[in-house]
Amino acid sequence: MEYQDFSNLNTYPIEKELAKEMMLRNHYSHKWNFAFGAVNVGIMDEKGLLLGCAVFGNAMNHKAWHSITNTPGERCIELNRLWIDDCLKSNTETWLLSRSFKILR
């Protein structure tokens, strides 16, 4: 099944364990770190099939944040993992990240 546009797709926060399972199975690294999964946003079709996920979590080196922000590193999160099913067309990653940033705010 290939998706031509985003009209039949939605994004939702998903549970950490579901995001972890998806990344361990599908992401090229097949790895998960203790810092991952503070916020997880899934992309689903109209049937509720999970087709991708953006995983945000704490930085591995929170002391490095001072070079880009005055916010304490413990309060910053970063994109840890991103996986999108190949049945989704180009620009889906950008669309998912845009929607994820709105959820993060």
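The values are calculated or read from the model by the stated rules, or taken from the named source; none is laboratory data. Remember, predicted model here, so these are calculated numbers, not experimental data. In this analysis, Cβ positions are derived from the backbone assuming ideal geometry, glycine residues included, and neighbour counts consider all displayed protein chains. Surface areas here come from the heavy atoms of the whole protein model, side chains and all, with no ligands, DNA or RNA. Shrake-Rupley method; radii C 1.70, N 1.55, O 1.52, S 1.80 Å.
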In deg cm²/dmol and to the nearest 500, what is the mean residue ellipticity at 222 nm of the chain if only DSSP H runs of at least 4 residues count, each as -39500 (n - 2.57), divided by the residue total? -7000 deg cm²/dmol
Net charge of Cβ neighbours under 11 Å - reference R81; Lys, Arg +1; Asp, Glu -1: +1
Per residue, the convex hull volume that the Cα atoms of the chain enclose (Å³): 109 Å³
Do you know the relative contact order of the stretch 1-75, to the nearest whole percent, from alpha carbon pairs under 8 angstrom that are 6+ apart? 26 percent
Starting from the Cα-Cα distance between R25 and M60, subtract it from 0.36 nm times their residue separation and give me the gain in nm to one decimal. 10.4 nm
With just the Cα atoms of the stretch 63-105, tell me how far they stretch along each of the three principal axes, in Å, largest first. 39, 18, 14
Put I68, I84 in order of accessible area, largest first, probe 1.4 Å, and you get I68, I84
Using the Cα centre of the stretch 34-84 as origin and beta-carbon charges of +1 (Lys, Arg) and -1 (Asp, Glu), tell me which of H62, G37, L79 is placed farthest towards the positive end of the dipole. H62
Where GluC sites (Glu not before Pro) fall in DSSP loop in the chain, at most 10 other Cβ within 10 Å: E2, E46
Given 10 Å bins starting at zero, what is the percent of C-alpha pairs of the stretch 37-78 in each, up to the one with the largest pair distance? 27, 35, 21, 15, 2
I'd like the projected area of the stretch 7-64, averaged over all directions, using the convex hull of its alpha carbons. Report it in nm² with one decimal. 4.6 nm²
Residue-wise HN-Hα coupling along the stretch 62-76, computed from phi with Karplus coefficients 6.51, -1.76, 1.60 (Hz; x: Gly, Pro): 5, 6, 7, 5, 4, 6, 10, 7, 8, 5, x, x, 5, 9, 9
Ordered by number, the trypsin sites (Lys or Arg not before Pro) in the stretch 19-103 that occupy a DSSP loop and have at most 13 other Cβ atoms within 10 Å are K31, K47, K89
